[in-house]
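Just so it is clear, none of the values below were taken in a lab; they were calculated from the coordinates. None of these values were measured; they are calculated from a predicted model. Here the Cβ positions follow ideal geometry from the backbone for every residue, glycine too, while neighbour counts run over all protein chains shown.
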Amino acid sequence: MNTRHWSVFTGLCGLAVCVLCAVPSGAQTTEVKEKPPMYSYVANWQIPREHWGDVAKVDSADATIFDKALADGTLVGYGFDVNLVHTAEGETHDGWWSSMSLAGLLKVLDQLRSLDVSSSPYALNPAKHWDNVYVSRYYNWKSGPYTAGYVSVAMYKFKPDAPDDAADTLSKNLIVPIMEKLLADGTILEYEIDFEAVHTDAPGTFAIVYVATQPEGLDTVRAAIRQSVKDNPLAGPAFDAATDDGGHRDELLKGDGKYK
């Protein structure tokens, strides 16, 4: 989500570009395949501090719509986040919802916009508001609600001359296998690799997102990444050749959500 510290992850991504030629087909224990596209709408809000206490009331009104859409299959997940690391221009809060179609996202958006203004985010007089729409073909989650999860988002940008399938390569060979292991052992409860479906930024930007169940989970993920980098010392230079350092940004949030 536009929500999503992975400086150490540069090595992993670099290795993924290398394995484009180095990893033979079928070399992995479990073959990773891309999934049907999952779309996510992220509404970002820069709320004045004096209104932070009111955000939960707005989220509660929105959740009634989200729950109905989750129940009838329009949505596969939704949530609300608070930014833990503030920047001068960034959001303080966000709300997001995911669907297996763009139509599902937009149907829910229409319902949200039909809410009475007194129950909508507009009543909080945000200093700034912006939206993003993402698509992911590599993702997984554990069904059910979660509370106070830690959401890590790492944004990267490929250089124009990066291999066309670099994103698939790093996803299949490195990111997904690590995330699946962490998902299985309960360290994280969701992950996704997002690209913009509606380009409000330059093409080539992607986000690696995961939700940790406990703050210790952030350290566990970092340790897993560091070990992978240690095992593959040539990874860093390969990553540098494929990505633009100036395009890297991190976000760390805390939020509640639910997955179908």
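With a 10 Å Cβ neighbour count serving as the proxy for reagent exposure, in which order, fewest first, do 142, 230 appear?
Neighbour counts put them in this order, fewest first: 230, 142.
If you take the square roots of the eigenvalues of the alpha-carbon gyration tensor of segment 39-93 and sort them as a ≥ b ≥ c, do you get rounded (a/c under 1.5), prolate (a/b over b/c) or oblate?
oblate
Pull out a ≥ b ≥ c, the square roots of the eigenvalues of the alpha-carbon gyration tensor of segment 58-212, then state rounded if a/c is under 1.5, prolate if not and a/b is larger than b/c, and oblate in the remaining case.
prolate
Mind checking which lysines have their C-alpha under 24 Å from residue 142, skipping anything on the same chain fewer than 8 residues away?
List returned: 33, 35, 68, 172, 181, 254, 258, 260.
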